[in-house]
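Structure first, then comments.
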Amino acid sequence: MSSRLRTGVVVALGVAVVLAIGFVVIAFTAPVIASETSSSSSSGTTTTGVTLIEALGVSVLGIVVAPLVVALVVAACLLFRDRYPVLGPLAWIAAGGLALVGIAGLASVGIFILPVAIALLVAVALSRRDPVATA
């Protein structure tokens, strides 16, 4: 059996990995959390943005890297599913679990996790084997 993936699956996995890498980059570089500082001068309060890593520290790194790890696990599961059939359901579980985490955290980091999960669910759904045609 061939472990070659369909084009749609590869595209969906690629989108998921790019989105996950983007989340890591955003966590380190983009100001996503507003921080207000007040001073005694006449200027009042100043609103500045801090990155996710600056605001929450390295403890949030596991949450930030998790979508990338799950995307790579799902890709490996789909690639080796023909050799190890248990990897098909494992891909569904990993993608579905990430989707649940994204939904649960929608008010915070879930907005960055959910697109990765959706792309992974699309990849897993597109990777289903075609029924054997009988002629």
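Have a look at G88, G62 and point out the one that is surrounded by 15 or more Cβ atoms within 10 Å (Cβ to Cβ), modelled with pLDDT under 95 and either in a helix (DSSP H, G or I) or not aliphatic (A, V, I, L, M) (or both). Step through it out loud before you land on a result.
On the way: G62 fails: surrounded by 15 or more Cβ atoms within 10 Å (Cβ to Cβ).
After applying the criteria, what remains is G88.
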Query raised in the report: Applying the selection to region 105-114, what residues are buried (at least 17 other Cβ atoms within 10 Å of the Cβ) and not in a helix (DSSP H, G or I)?
Result: V109
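If only one of I26, I53 is in a helix (DSSP H, G or I) and modelled with pLDDT of 90 or more, which one is it? Walk me through it before giving the result.
Values: I53 fails: modelled with pLDDT of 90 or more.
Only one candidate qualifies: I26.
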Query raised in the report: How many residues are without any contact (Cβ under 8 Å) to a residue 60 or more places away in the chain and touching a helix residue (DSSP H, G or I) at 6+ places or on another chain (Cβ under 7 Å) if we restrict to region 78-87?
Result: 1
Query raised in the report: From the list V65, V74, V50, V116, which residue is out of contact with any Phe, Trp or Tyr (no Cβ under 6 Å at 6 or more places or on another chain) and without any contact (Cβ under 8 Å) to a residue 40 or more places away in the chain?
Result: V50
Query raised in the report: What is the number of the single condition among (1) without any contact (Cβ under 8 Å) to a residue 40 or more places away in the chain; (2) over 12 Å from the mean Cα position of the chain (by Cα); (3) not in a loop (DSSP other than H, G, I, E, B) that G102 does not meet?
Result: (2)
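Kindly evaluate A94 against the criterion of being surrounded by 18 or more Cβ atoms within 10 Å (Cβ to Cβ) and small (G, A, S). Lay out the reasoning, then the answer.
Working: surrounded by 18 or more Cβ atoms within 10 Å (Cβ to Cβ): yes; small (G, A, S): yes.
Spelling it out, A94 is indeed surrounded by 18 or more Cβ atoms within 10 Å (Cβ to Cβ) and small (G, A, S).
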Query raised in the report: T48 fails exactly one of the following numbered conditions: (1) in a helix (DSSP H, G or I); (2) modelled with pLDDT under 85. What is the number of that condition?
Result: (1)
Query - Complete set of residues in region 58-82 that are more than 11 Å from the chain's Cα centre (by Cα) and more than 15 Å from V11 (Cα to Cα) - result: V58, S59, V60, L61, G62, V73, C77, F80, R81, D82
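The values are calculated or read from the model by the stated rules, or taken from the named source; none is laboratory data. These figures come from a predicted structure and were not determined experimentally. Cβ coordinates were reconstructed from backbone atoms using ideal geometry, including for glycine residues, and neighbour counts include every protein chain displayed.
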